[in-house]
Amino acid sequence: MKKLKGIKLKHRKNTQNSATVDFPLPEKVIIPMSMHMGVPCSLLVKPKDTVKVGQKIGDCDAPFSAPVHSSVSGTVTAVTDYRNAMGNVCKAVEITTDGKQEISEEVKPPVITDKESFLKAVRESGACGLGGAGFPTHIKLNPKTPIDVIIINAAECEPYITADYREMMECPNDIIGGINYIKNMLNIPRAILAIESNKPEAIKNFTRMAENDDTIDIFTLPSKYPQGAEKVIIYNSTGRTVMEGQLPSDVGVIVINVSTVAFLYRYMTTGMPLVTRRLTVDGNAVGEPKNIRTVIGTPFIKLLEYCKTDMESVKKIIAGGPMMGMSIPDPNMPVVKTSNALLALKSYDDSRTASCIRCGRCVAVCPLGLMPAEIERAYKIKNIEELRELKVTLCMNCGSCTFVCPANRKLAETNQLAKALIPRK
Amino acid sequence: MNKLIVSPSPHDENYIKTSVIMLNVVIALVPAFVMSVYYFGWRSIMLTAVCIISCVLFEFICRKLMKRDNTIGDLSAVVTGLILAMNLPVTLPPWIAVIGSFIAIAIVKQLFGGIGQNFANPAITARIVLMVSFPSAMTHWVYPFWYRNPTDAVSGATPLALPETAVDVYSYLDLFLGKSGGCLGETCAAALLAGGIYLIIKKIINPAAPLAFIGTLGLLSAVSGADPLYQILAGGVFLGAFFMATDYATTPISTKGKVIFGIGCGIITFVIRHFGSYPEGVSFSILLMNILTPYIEQLTRNKVFGAKEAVKNEK
């Protein structure tokens, strides 16, 4: 079957064989009320309150949201306004840890009898997409249309990041358990675990584990960025096309990140909500790249120091991967639910933008067949009709066009600006 | 600690810059240049140097006058100069070559906004302007190795100008190796092919346009009763197909468009050669197709994955 286009990147998976290490408890954590896509939570605690691990400290009535839990035991020392990497402001709780890590009485395995109680438990767990997008999991698992296949996204197509890979190597039983749990609860007949071909060990292990289960298929994706993008992974593993304006569920598919699945399984058995996460710390300014498990709210700078980063030389810090991650202005920003990687770079491409030479590389690499060079021209003259015809709204900002441009034009950025010009209906 | 740089994603590097692409084109033209020196002597070094230096100089002056950034570092002017030189007869007086460089860089390229903005190929247009302006100087051909007997340097017709009944018609091997009269860089098909394959392997050019060009010309020649191999090997087909019909700025972006472009070039070249009074039609065919490029582009737009067809006359 024909696959969507992609680009070959240097994988830079330096940490793929680095077993996850537990980061020592930091003195202070900062927990924002918005770590997911959707409505930010309201505070349930105030300064001087004592909190325990797993205690709910933020929640809201809106369905499109996910509650927030304390990741440590200690005292709330401040409530501040916090600006995240996207530029949005929400409240954040600063907790000074007491080092005891006492577990809250609220933490107990959920009682699950049917789909409804399952989805309620998923919401209470605070789960959201751990691959980086942070889509609330309880919404994702409750689509309006029938689902016949669930795709477990284990592509991890961005360079550097190995957090999902380590999850697969260290907790394979949680992943298989989670897949079965979701399948049974939602009555989905088939699951596809889609892994990029640059992770042969994981593919081998899971193929063996799912040998006698014909409801779980292990699917090998080509190692071409961006395999993990929702539309790309759906098309490449099932041949289904998610049309403009459609959701994956409209073609009978749910795509869920592999670490999210493993987390859900652990939550169902232990009742411990989403308070820690595994992330890859790497980049050319990092002396000892590592995979780290740490409490949510740990300031990034502590992790960088722990990994022997030469802070004097750091020019750019990226939360997430180099292709779609956000460069952050302040190293004191905390680890949030969606932090799958932390990169510190001392050198990066800063050559000047030159004229478009119309080489067509941006068109050749776009997985969706968009024409970034044409979009850029239409954007410059603010030709909204043309931008509509060029379907700029479909751009998923994977960054492939900017990456290949020999003239260093910021095409992906222009696409996002062009999108904003088109009025929503 | 430094002030952190905040910029939109992606943050990863790509190593192929405009100058790298241009450098690769220069490398691909080296075999043709070396063969031109072998066949036509030191004068070909002189003429090439004049073209390159004057092109770079005109680029520099134009950018300066227009108060734009200096772009000679992207090496595109070097490529234009080199390709222009490959399109000139070795006996051409250098001052005419300088005029050619002026037309290519100042008029065709910079007046339209510089690299990537020109609608016609600078070297091709310059060649055509020179051919029309200086017809005798631009068609004063000599046989290879003429420099060994400078006293009786005779004009040698290009293979295409020979009547088909001529006795001393060139053999395929002569044409392939370039032992024939013609412009500096267009005679040696072998060297041009090597350069073209290099560019294809390096993924600098897409083979669609050259293959469609050469294929169409061969096919039409065969149908019309001409010798297809002779038609392909003689004249400027290889130079045009691999180095000018693949120019980024003046040819369509999509592969489908490139195929149409190549077929168009093949047809026009054939028509000019077969029915026209000019013996050679490669330059004109490329120029004419350059002009059609925006229309081809409109017709060959990519279909976007998952896009709904636009609803017409939507109220």
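Results for (1) in contact (Cβ under 8 Å) with a residue 12 or more places away in the chain; (2) surrounded by fewer than 15 Cβ atoms within 10 Å (Cβ to Cβ); (3) aromatic (Phe, Trp, Tyr); (4) touching a Lys or Arg at 6+ places or on another chain (Cβ under 9 Å), shown as yes or no for each residue.
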{"residue": "B:25", "(1), (2), (3), (4)": "yes, no, no, no"}
{"residue": "B:40", "(1), (2), (3), (4)": "yes, no, yes, no"}
{"residue": "B:46", "(1), (2), (3), (4)": "yes, yes, no, no"}
{"residue": "B:56", "(1), (2), (3), (4)": "yes, no, no, no"}
{"residue": "B:65", "(1), (2), (3), (4)": "no, yes, no, no"}
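Within segment A:22-37, can you find the residues that are in a strand (DSSP E or B), within 20 Å of the chain's Cα centre (by Cα) and surrounded by fewer than 22 Cβ atoms within 10 Å (Cβ to Cβ)?
A:30
Give the number of residues within segment B:268-305 that are closer than 21 Å to residue B:233 by Cβ and either within 17 Å of the chain's Cα centre (by Cα) or not in a helix (DSSP H, G or I) (or both).
Of the residues in that region, 12 qualify.
Going by the conditions given, is residue A:277 more than 9 Å from chain B (Cβ to nearest Cβ), more than 30 Å from residue B:253 (Cα to Cα) and assigned to a helix (DSSP H, G or I)?
no
Among strands (runs of 3 or more DSSP E) lying entirely in segment A:57-156, which contain 2 or more residues that are more than 23 Å from the chain's Cα centre (by Cα)?
Fully inside segment A:57-156 and qualifying: A:74-83, A:89-97.
Within segment A:61-83, count every residue that is touching a strand residue (DSSP E or B) at 6+ places or on another chain (Cβ under 6 Å), more than 18 Å from residue A:129 (Cβ to Cβ) and not β-branched (Val, Ile, Thr).
Residues in segment A:61-83 being touching a strand residue (DSSP E or B) at 6+ places or on another chain (Cβ under 6 Å), more than 18 Å from residue A:129 (Cβ to Cβ) and not β-branched (Val, Ile, Thr): 8 in total.
Are there any pairs with C-beta distances below 7 angstrom linking a residue in segment A:291-313 that is closer than 11 Å to residue A:26 by Cα to a residue that is surrounded by 21 or more Cβ atoms within 10 Å (Cβ to Cβ) and of a type in the set (Gly, Ala, Ser), with the two at least 6 apart or on different chains, and if so which?
Once the first residue is closer than 11 Å to residue A:26 by Cα and sits in segment A:291-313, its partners that are surrounded by 21 or more Cβ atoms within 10 Å (Cβ to Cβ) and of a type in the set (Gly, Ala, Ser) give A:295/A:71; A:296/A:71; A:297/A:71.
Residue A:263 versus (1) of a type outside the set (Ser, Thr, Tyr); (2) over 27 Å from residue A:166 (Cβ atoms); (3) part of a helix (DSSP H, G or I): which is the lone unmet condition?
The failed condition is (2).
Can you name the condition, by its number, that residue A:343 falls short on among (1) without any contact (Cβ under 8 Å) to a residue 40 or more places away in the chain; (2) of a type in the set (A, V, I, L, M, F, W, C); (3) within 30 Å of residue A:12 (Cβ to Cβ)?
(1)
Among the listed residues A:413, A:376, identify the single one that is acidic (Asp, Glu), more than 7 Å from every other protein chain (Cβ to nearest Cβ) and either within 27 Å of the chain's Cα centre (by Cα) or over 24 Å from residue A:241 (Cβ atoms) (or both).
Residue meeting the stated conditions: A:376.
Looking only at segment A:302-320, how many residues end up being under 23 Å from residue A:22 (Cβ atoms), within 14 Å of chain B (Cβ to nearest Cβ) and surrounded by fewer than 21 Cβ atoms within 10 Å (Cβ to Cβ)?
Total satisfying the criteria: 2.
Have a look at B:249, B:241 and point out the one that is within 14 Å of another protein chain (Cβ to nearest Cβ) and touching a Phe, Trp or Tyr at 6+ places or on another chain (Cβ under 9 Å).
Criteria check complete, one pass: B:249.
Looking only at segment A:386-410, count every residue that is free of Cβ contacts under 8 Å to residues at least 60 places away in the same chain and either in a loop (DSSP other than H, G, I, E, B) or at the interface with another protein chain (Cβ under 10 Å from one of its Cβ atoms) (or both) and tell me the total.
Within segment A:386-410, residues that are free of Cβ contacts under 8 Å to residues at least 60 places away in the same chain and either in a loop (DSSP other than H, G, I, E, B) or at the interface with another protein chain (Cβ under 10 Å from one of its Cβ atoms) (or both) number 13.
Let me spell it out: the conditions are (1) free of Cβ contacts under 8 Å to residues at least 40 places away in the same chain; (2) exposed (fewer than 15 other Cβ atoms within 10 Å of the Cβ), and residue A:218 meets all of them except one. Which number is the exception?
Among (1) free of Cβ contacts under 8 Å to residues at least 40 places away in the same chain; (2) exposed (fewer than 15 other Cβ atoms within 10 Å of the Cβ), the lone unmet condition for residue A:218 is (2).
Which numbered condition in (1) closer than 20 Å to residue A:9 by Cβ; (2) out of contact with any Ser or Thr (no Cβ under 6 Å at 6 or more places or on another chain); (3) in contact (Cβ under 8 Å) with a residue 40 or more places away in the chain; (4) more than 14 Å from chain B (Cβ to nearest Cβ) is the only one that residue A:226 fails?
(4)
Considering segment A:353-365 alone, what residues qualify as being in a loop (DSSP other than H, G, I, E, B) and within 8 Å of chain B (Cβ to nearest Cβ)?
Hits for segment A:353-365 are A:354, A:355, A:356, A:357, A:358, A:359, A:360.
Starting from segment B:128-142, take each residue that is of a type outside the set (Val, Ile, Thr) and list its partners that are exposed (fewer than 15 other Cβ atoms within 10 Å of the Cβ) and at pLDDT below 90, counting only C-beta distances under 8 angstrom and pairs at least six apart or across chains.
Going by the 8 Å Cβ cut-off, the qualifying pairs are B:140/B:155; B:141/B:155.
Of all residues in segment B:80-98, count the ones that are in contact with a Leu (Cβ under 8 Å, 6 or more places away or on another chain) and under 18 Å from residue B:287 (Cβ atoms).
4
Table: residues versus (1) at pLDDT below 95; (2) within 14 Å of another protein chain (Cβ to nearest Cβ); (3) buried (at least 18 other Cβ atoms within 10 Å of the Cβ).
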{"residue": "B:263", "(1), (2), (3)": "no, no, yes"}
{"residue": "B:272", "(1), (2), (3)": "yes, no, yes"}
{"residue": "B:275", "(1), (2), (3)": "yes, no, no"}
{"residue": "B:281", "(1), (2), (3)": "yes, no, yes"}
{"residue": "B:287", "(1), (2), (3)": "no, no, yes"}
{"residue": "B:291", "(1), (2), (3)": "no, no, no"}
{"residue": "B:302", "(1), (2), (3)": "yes, yes, yes"}
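Could you list, in sequence order, the residues of segment B:212-247 that are under 26 Å from residue B:26 (Cα atoms) and surrounded by fewer than 19 Cβ atoms within 10 Å (Cβ to Cβ)?
Across segment B:212-247, the qualifying residue is only B:215.
Restricting attention to segment A:228-260, and to residues there that are among the aliphatic types (A, V, I, L, M) and part of a helix (DSSP H, G or I), which single residue is nearest to residue A:397 (Cα to Cα)?
A:232
Taking helices (runs of 4 or more DSSP H) that do not extend beyond segment B:1-117, which have at least 1 residues that are within 11 Å of chain A (Cβ to nearest Cβ) and polar (S, T, N, Q)?
Where helices (runs of 4 or more DSSP H) fall fully within segment B:1-117 and carry at least 1 residues being within 11 Å of chain A (Cβ to nearest Cβ) and polar (S, T, N, Q), they are B:18-40, B:76-86.
Identify all residues within segment A:176-215 that are of a type in the set (Phe, Trp, Tyr) and crowded, with 20+ Cβ neighbours inside 10 Å; write none if there are none.
Within segment A:176-215, just A:206 meets the criteria.
When segment A:318-355 is examined, which residues are found to be among the β-branched types (Val, Ile, Thr), in contact with a helix residue (DSSP H, G or I) (Cβ under 8 Å, 6 or more places away or on another chain) and modelled with pLDDT under 95?
A:328
The values are calculated or read from the model by the stated rules, or taken from the named source; none is laboratory data. As the structure is a prediction and not an experimental result, all values here were calculated from the model. Reconstructed Cβ throughout: ideal geometry from the backbone, glycine too, with neighbour counts over all protein chains shown.
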